[in-house]
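Novice: Got a structure for you, questions after.
Since every read-out is calculated from the coordinates, none of them should be taken as a lab result. Everything quoted here is computed from the prediction, not taken from an experiment. Neighbour counts are summed over all protein chains in view; Cβ atoms, including those assigned to glycine, are modelled from backbone coordinates with ideal geometry.
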Amino acid sequence: MKNTLVRFRNIIVIAMAVVGPGIITAFADNDAAGVATYSVSASIFGYRMLSILIPITIVLAITQEIGARIAIVAQKGLGDLIRERYGIRVSVLLFAILASVNFFVVVQNVSGIKAGLQLFGMPPVFLPIMTAILFFFIVLAKYPIIERFFFVLIGFYVVYIASAFLAKPDWGLAIRSLGIPQGDISPAFIYTSVAVLGTIVTGWGQFFINSYIKDKHVSVEHLAYSRWEIYIGAVITNIFSFFMMVAVAATLFVNRIHVADAASAALSIQPFAGEFAGTLFGLGLLAAGMLGAIIVPLATAYAFSEFFGYSGSLDETFRKSKLFYGLFLVQIAAATAIVLLPNINLFRITIAANFLNGLVLPVIFYFLWRIANSDSIMGAHKNTRLQNILLVGAGVVITIAAVFGGAGQIFGW
Amino acid sequence: MLYFSELKGKHVKTEQGIRLGRLTDLVFLAAAQPTVTKLVVDGGHNHLYIIPIRYIIKLNAVITIMDSFSVEAIAHQELYLGKNLLDQQIIDIRGNKVVRVNDVALQDKPVLTIAGVDIGIIGVLRWFGVDETFGRILRLLGKTITSRFLSWTDIQPLELARGKVVLKKEEKKLSRLMPEDLADHLETMSIRNVTRVLSLMDEELAAEVIESLNITYQQNLFKEFTPERSAILVEHMNPDDAVDILLTLTERRRAAIITNLSQHKNTEISSLLSLSNTPIGGLITPEYFVANPEETAMRIRQRIQGETQDFSSLSYVYIVNAQKQLVGVSSLHELLLAPSDKPLYKFMNPSLVVLHLTTPKTTAIKRMLKYKLETLPVIDDNKHMLGIVTIDDLAESILDKI
């Protein structure tokens, strides 16, 4: 009896030491940009969109696991390793791509916050106040408190389940769509699929989980626990993606209403699922926007300090990591300024920006693949055959889909 | 001065013109004197040649090596410059991340040696071949950018073998760029204004800023300060720098400052001063002209016109790096011949003939005659320039003895 208790306690202690990176990163993939993408895609393609969720979950799980394993084994971030192995030119280019793609996502998240605030009747003036509070919180708060705050924001995602139920969807059709591919291979569907993929499996997510794990100092003995934490995070996250899409598909798609953004989705849901469902959807959007508006710019800042060797970590003070926090500040300040511009319709770019995110994935997968198979870095923890097949396969499929979908957009197929 | 970024990728040929491949890396000795020992040439098809440096005949746009070259394995104490030094994380003695190695600076005379590492933005831009364009654009905007450079003496060679670039100091002491930036700015002001600005700072910062000023300014400032104020500043200064300044003052003023020092500082400074109580010490003139490696020929010509009007003579421009270490020299003739936009480091002469305070006068004059130089720089153990000695002063003092 006593033995079981001790064992149980040990498991809890280890769990506390590894829980965080996988779940938080995965949930941040459902940021405001994610909510917007799900809303737009599900309002156009309805339940059919659900058929790509399972493959996406697998891709998310394996790529995040590889990123985490690299960080645990090498005790270095992805940026560190790429700079040391591929030199300065590759690093500068990759960082430039990553920073610009991420910035689009930051803008979407900040505008998610703005939309969330508006749904609750708050004027735009609250937006800079909100982002300022977020900034000071990240700079001043200690690391464990920040982590707890992330978990609080994640808690808000439950509202999507509620709004999905309020929308009274066709559950049978939803489940069937999940298992049996209902998609078509029209360029528009593929283009949108790459965008949905690009909002769940992200370049910044690859860098973020890596740096986060490094910050958390997860040891090699806990590799297996960390792996399961990531798998569970990937599955739970996509369960929430499922509910979000279902909520929109059951209301807007069924009634043939196309929305261009998450905020209008929240408003449009109300006539069909009730005002409460819409409010819940808006609350979720606000929490998602806050989570994304913190994590995505942090991912850029982490990548910068790794690529160029500056001190940068949530563990460190503002004084010591000025460039790190400075870069964080510049991004959310610039995004806030852009979002405050009158007459700007950012959600027009929702799908395009997330498509770009999907487009850069194969490049990042390439580096993951090279590093995770390197004897000198990974030793006994190299990729297994199955992991390599899945990783390379995902890279190839995404590349083909992105080229096909992108060409379709450009040439108007 | 050369940069690894400029060497990497150069074609390597034999005397007869047979193409071997491209230079991919260099091998160097991980020691206090980091001599480059071997070239790594990528011949394609996974063929790497490691060729000892002694086979090099010419190092221009193309690297030419002897026909009779042979390859050698890498030795125990040797490391790859590209693989083990470039792009690596630099950490300070406390383990704080400082920055990464962006480029490696080499000096090619008398033998190819690593001079230090470039840690600035210029070092990044050089890899894209846009460093000079970028500098030109900044100059159009009336700004200059100096490259941030760490001297080899700041790096622990032993740690390199363990795959780490560790500094000998704490980061704070390196990266507090502010006093130096401030010093650059102050050097454009009159002494009176400098005094006013310095009086607004606390002693510690003021001392740090003064350390970074050029010796003429330092001397003039200490002429203005009371002995008490001078003593407080000396307490906060690096003793080497303090001694350099004290040496430029009259003996009476120097003594007045020293008596105002605390017991501990007093002994330290006095012993350093007695060391410099040497033949050369008394002959040093602080009337010389220094410049940064990045400044262009045009800029130097303008600065000479503006800043040296009250000099009694000027023969050379001395080039110092960000750590104020002497790294090169250019004669006025060379300066006049150089194209206007060419930065100093491209045409300066990095192999220096120098004097130390302990160099005997006769050795000094022999050196001047041998190398046909009318002035020689005097440096301390940290390669900081103390001043110059002119051939006429030296000849006069030797004649006095006879």
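Novice: Can you give the FRET efficiency for B:Asp67 and B:Ser351, using 1/(1 + (r/R0)^6), R0 = 30 Å, r = Cβ-Cβ distance, to the nearest 0.05?
Specialist: Once rounded, the FRET efficiency stands at 0.60.
Novice: Right, next: Rounded to two decimals, what is Rg over Rh for the protein assembly as shown when you use alpha-carbon atoms and the Kirkwood radius?
Specialist: 1.06
Novice: Is there a simple number for the mean count of other chain Cβ atoms within 10 Å of the Cβ of residues in A:287-297, and what is it?
Specialist: Average per residue, whole number: 0.
Novice: Among B:Phe4, A:Ile66, A:Ile52, which residue has its Cα positioned farthest towards the positive end of the charge dipole of the protein assembly as shown, with +1 placed on the Cβ of Lys and Arg, -1 on the Cβ of Asp and Glu, and the dipole taken about the Cα centre?
Specialist: Of the listed residues, the answer is A:Ile52.
Novice: When the helices in chain B are scored as -39500 (n - 2.57) per DSSP H run of 4 or longer and the sum is shared across all residues, what 222 nm value do you end up with, to the nearest 500 deg cm²/dmol?
Specialist: Here the helix-only value at 222 nm equals -10500 deg cm²/dmol.
Novice: Another question about this same structure. Note the angle between two axes, namely the Cα long axis of helix A:322-340 and the longest principal axis of the Cα atoms of chain A, as a number of degrees from 0 to 90, rounded to the nearest 10.
Specialist: Taking Cα atoms only, the helix is inclined about 10 degrees.
Novice: Could I ask something else about it? With Cβ to Cβ distances under 11 Å as the rule, what net charge do the other residues near A:Asp215 carry (K, R +1; D, E -1)?
Specialist: -1
Novice: Extending each Cα 7 Å along its Cβ direction at B:Asp392 and B:Glu187, get the distance between those two points in nm, one decimal.
Specialist: Result for the modelled spin labels: 2.6 nm.
Novice: Further, regarding this structure: Once Lys and Arg get +1 and Asp and Glu get -1 on their Cβ, which of B:Ser397, B:Tyr371, A:Phe318 lies farthest toward the positive end of the dipole of the protein assembly as shown?
Specialist: Working it through, the farthest residue towards the positive pole turns out to be A:Phe318.
Novice: Binning at 5 angstrom from zero up to the longest distance, how are the C-alpha pair distances of region A:161-200 distributed in percent?
Specialist: Pairs per bin, as whole percents: 6, 18, 16, 21, 24, 13, 2.
Novice: Could you tell me which of rounded, prolate or oblate describes chain A, using a ≥ b ≥ c as the square roots of the eigenvalues of the alpha-carbon gyration tensor, with rounded for a/c under 1.5 and, failing that, prolate when a/b is larger than b/c and oblate otherwise?
Specialist: It is rounded, given that a/c, with a ≥ b ≥ c, falls under 1.5.
Novice: While we're on this one: Please sort by residue number the trypsin sites (Lys or Arg not before Pro) in region A:328-413 whose DSSP state is loop and whose Cβ has at most 16 other Cβ atoms within 10 Å.
Specialist: Those that pass, being in a loop and sparsely packed, are A:Lys382.
Novice: Test of the criteria: in region A:110-170, which trypsin sites (Lys or Arg not before Pro) are in a DSSP loop and have at most 16 other Cβ atoms within 10 angstrom of their Cβ?
Specialist: Here the trypsin sites (Lys or Arg not before Pro) that fit, given the DSSP loop and packing criteria, are A:Lys142.
Novice: Turning to a different aspect of this structure: Restricting to the protein assembly as shown, compute how many DSSP beta bridges are antiparallel as a %, nearest 5.
Specialist: Given both bridge residues lie in the protein assembly as shown, the antiparallel proportion sits at roughly 85 percent.
Novice: Oh, and also: Between A:Val396 and B:Thr278, what is the spin-label point distance in nm, taking each point 7 Å from the Cα along the Cα→C-beta axis?
Specialist: About 7.1 nm, to one decimal.
Novice: 5 Å is the cut-off here: which amide hydrogens, built 1.01 Å from N in the peptide plane, fall below it relative to B:Ile388, excluding neighbours closer than 5 in sequence?
Specialist: Under 5 Å from the amide H of B:Ile388: B:Thr285, B:Glu287, B:Val378.
Novice: Same structure, new question: Averaged over A:82-94, how many beta carbons belonging to a partner chain fall within 10 Å of each residue's beta carbon?
Specialist: Partner Cβ neighbours, averaged per residue: 4.
Novice: Expressed as a rounded percentage, what relative contact order does region A:2-411 have, with Cα pairs under 8 Å and six or more residues apart?
Specialist: Answer for region A:2-411 is 36 percent.
Novice: If you take all C-alpha pairs in region B:304-402, what percent of them are over 20 Å apart?
Specialist: 43 percent
Novice: Which Cα, out of A:Ile24, B:Thr248, A:Leu127, lies furthest along the positive dipole direction of the protein assembly as shown (beta carbon charges, K/R +1, D/E -1)?
Specialist: A:Ile24
Novice: Of all DSSP beta bridges located in region B:244-362, what percent are antiparallel, nearest 5?
Specialist: So the antiparallel bridges amount to about 70 percent of the total.
Novice: With θ taken as phi - 60° and the coefficients 6.51, -1.76 and 1.60, list the Karplus ³J(HN,Hα) couplings across region A:187-204 in order, rounded to whole Hz; mark glycine and proline as x.
Specialist: Whole-Hz 3J(HN,Hα) from phi for region A:187-204: x, 5, 5, 5, 4, 5, 4, 5, 5, 5, 4, x, 8, 8, 9, 10, x, 5.
Novice: On to the next question. Under a no-solvent Debye model with one identical scatterer per Cα of chain B, what's log10 I(q)/I(0) at q = 0.12, 0.14 Å⁻¹?
Specialist: -1.08, -1.38
Novice: Considering only DSSP states other than H, G, I, E and B, which trypsin sites (Lys or Arg not before Pro) in region A:204-284 qualify as loop sites with at most 15 other Cβ atoms within 10 Å?
Specialist: A:Arg256
Novice: So what is log10(I(q)/I(0)) for region A:213-274 at q = 0.19, 0.20, 0.25, 0.29 1/Å, when the Debye sum runs over its Cα atoms only?
Specialist: Debye intensities relative to I(0), on a log10 scale: -0.72, -0.76, -1.01, -1.16.
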